[in-house]
Amino acid sequence: DGIHTIYGKTKSPYNGVFNSKEEEQEYFWQNYYLKKLNFLQSGYLENKMIDHKDPEEEAYLKSFHRKILAASAEAILKEHAENVPYVGTKAVTDLEQLFYVYPNAKVLTIVRDGRDVVVSKRFHSMRMGVYMHGDEKSRLHYLMNEMLRFRAVVNSLDRRFKLIKPKKHFKDISQPENLLNKEVIVKFATEWHRKVDYIADFEERFPNNIHRLHYESLKDNPEQKMKDLFTFMEVPANESIIEQVAEATSFKSYETTGKSSFFRKGETGEWQKYFNDSHKALFKEIAGPTLIRLGYETDNNW
């Protein structure tokens, strides 16, 4: 992210979540050090696997790591969800570990046209006050921002002396012609295709455990897609429940205002308003095969 993001003054993501500033700070530091400890633990195991070149020892360490995760998960569920029939988590980044700990787990993945994802993410970052490489007005500023040390020094000085004036130093990215550039396409298209291809690979390995839901079809026919989802999850639901869930989770029910909101319009095919020929060519180079793999295109002639 440091390669692409140049400037931004975003506020704490925990605003409004806690009852007091003290609670917010306590959570922040707990989360901070928990991540540090997790990194040390992972690093220790990785170093051990590197030290032990024997394949059997390496396999044992991997198995040992997974058994720790499985035991931890079992203990947490026993303490907090002993009588709960269904337990879910919002995001899974390691499906290999998930299916090791829970071989019968069911995974729902919602995918969206990557071109619309690029536009949506750019609008979201814009609302958060984030500028990216390529948004600079000056060519000299653009070239200097390619040097990480320069950017680090400038950002450090800006925090102290408020040197950067967004309107003075950056283009008006709210204008359609300035919304997308090479760096924006590279960043968001790369993120999209890596995540989507990763999950699609697991779909092929675990076809009965992963249910892919296309954002576009969910928007067009929510009741039917909810019915398909409940069937996949083996969760009993009648027509009334399906209608209630579809209504409660419709795009209209979400807050679309405010800087931190991820919801904006939810339109499909909006990328066509902003992509020029160079944007299309770059996206095809990065994620064209993924579009075809997911059925959004039949070839690269779009």
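Computed values, structure above
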{"read-out": "Out of Ala152, Ala189, Ala200, sole residue that is in contact with a strand residue (DSSP E or B) (Cβ under 9 Å, 6 or more places away or on another chain) and of a type in the set (Gly, Ala, Ser)", "value": "Ala200"}
{"read-out": "Qualifying residue in the stretch 137-144 (condition: modelled with pLDDT under 85 and among the polar types (S, T, N, Q))", "value": "no"}
{"read-out": "Conditions (1) touching a strand residue (DSSP E or B) at 6+ places or on another chain (Cβ under 6 Å); (2) within 15 Å of Glu183 (Cα to Cα); (3) at pLDDT 85 or above; number of the one not met by Lys171", "value": "(1)"}
{"read-out": "Which listed residue, of Val130, Val119, is of a type in the set (Val, Ile, Thr) and under 25 Å from Lys219 (Cβ atoms)", "value": "Val119"}
{"read-out": "Residue match in the stretch 96-103 (condition: in a helix (DSSP H, G or I) and crowded, with 19+ Cβ neighbours inside 10 Å)", "value": "yes"}
{"read-out": "Leu45 being modelled with pLDDT under 60 and hydrophobic (A, V, I, L, M, F, W, C)", "value": "yes"}
{"read-out": "Positions within the stretch 54-69 being at pLDDT below 80 and either basic (Lys, Arg) or within 15 Å of Tyr102 (Cβ to Cβ) (or both), in sequence order", "value": "Lys62, Arg66, Leu69"}
{"read-out": "Test for Phe150: is it modelled with pLDDT under 85, farther than 29 Å from Gly266 by Cβ and loosely packed, with under 11 Cβ neighbours inside 10 Å", "value": "no"}
{"read-out": "Top-ranked residue in the stretch 169-208 [being basic (Lys, Arg) and touching a residue at least 12 places away in the same chain (Cβ under 8 Å); ranked as surrounded by the most Cβ atoms within 10 Å (Cβ to Cβ)]", "value": "Lys187"}
{"read-out": "Residues of the stretch 108-119 satisfying the condition of being surrounded by 20 or more Cβ atoms within 10 Å (Cβ to Cβ) and either closer than 29 Å to Arg151 by Cβ or at pLDDT below 95 (or both)", "value": "Gly114, Arg115, Val117, Val118, Val119"}
{"read-out": "Check on Arg194, at pLDDT 95 or above and assigned by TED's automatic domain parsing to the domain that holds Gln272", "value": "no"}
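To keep it simple, each residue is scored yes or no on (1) assigned by TED's automatic domain parsing to the domain that holds Val130; (2) of a type in the set (D, E, K, R); (3) at pLDDT 90 or above.
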residue	(1), (2), (3)
Ala200	yes, no, yes
Phe232	yes, no, yes
Asn238	yes, no, no
Lys252	yes, yes, no
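The values are calculated or read from the model by the stated rules, or taken from the named source; none is laboratory data. The model shown is predicted, which means the values in this text are computed figures rather than measured ones. Virtual Cβ from ideal backbone geometry, glycine too; neighbours counted across all protein chains shown.
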